[in-house]
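Below you'll find the structure, written out as structure tokens, and then a few comments.
Since every read-out is calculated from the coordinates, none of them should be taken as a lab result. On a predicted model such as this, the values are computed, not experimentally measured, just so you know. Every residue, glycine among them, receives a Cβ derived from its backbone with ideal geometry; neighbour counts consider all protein chains shown.
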């Protein structure tokens, strides 16, 4: 059943491309704003690049998860979905994994423009950077999918979503910035391992909370 729900999420998105295109365009707009308003040396920019990247991801995530739940909100399709004889926790997991896929795809598409426009070198260990980025994406979407499910039924969900999401994602963004800065600087693992442990803890906690409580969250 999980794969059926995930297939539904991917099929709807790849047919309409609303989430990925909106995330991509918004991400590129932020990159251009950073590039054309940064008039300092390459060394100074390199110190702020990790934070700039994850701030971009934060804003793009809000746009993506809102559009993800907007499909079911139209014509109250979400009520029909939760009335099906399935484990509602699987709905959360499907939203989580599909959001992770869309976010990762967006980052792949904007990675080269981000580094080229800001004139920054790629990380010295690309495989380590990719691996930690995937874990961070899992943490971001675990929090975002849960919060989006809570805010979806509110009349002002567009306003409520960022109000709830930004404070909860602050530890993730701070940890992500510290991890990326350590990797780009070539620091040893022990100097930034605590931030990776925070990311792993957030993945486990919000994945379990989302799967367990999504049944109650979806109730009227």
When 1/r is averaged over all different Cα pairs and the result inverted, which Kirkwood radius in Å belongs to the range 2-217?
18.0 Å
Using the per-residue mean of other Cβ atoms lying within 10 Å as a proxy for protection, in what order, highest first, do the peptides 191-201, 20-30 fall?
20-30, 191-201
Relative contact order (%) - criterion: Cα under 8 Å, at least six apart; region: the range 2-217:
29 percent
With label points set 7 Å from each Cα along the Cα-to-Cβ direction at residue 135 and residue 212, the distance between them in nm comes to 2.3 nm
Once the piece of chain linking residue 104 and residue 15 is laid out straight, how much longer is it, given 0.36 nm per residue of separation minus the C-alpha distance between them?
30.2 nm
Cα→Cβ-extended label distance, 7 Å offset, between residue 174 and residue 115, nm
2.9 nm
FRET efficiency for residue 125 and residue 25, Cβ-Cβ distance as r, R0 = 30 Å, nearest 0.05?
0.50
Which order do peptides 58-64, 110-116 fall in by mean Cβ count within 10 Å, highest first?
58-64, 110-116
From a point 7 Å beyond the Cα of residue 47 in the direction of its Cβ, which residues of the range 180-220 have a backbone N at a distance under 18 Å?
180-187
Of 163-175, 135-147, ordering from highest average Cβ density within 10 Å down gives 135-147, 163-175
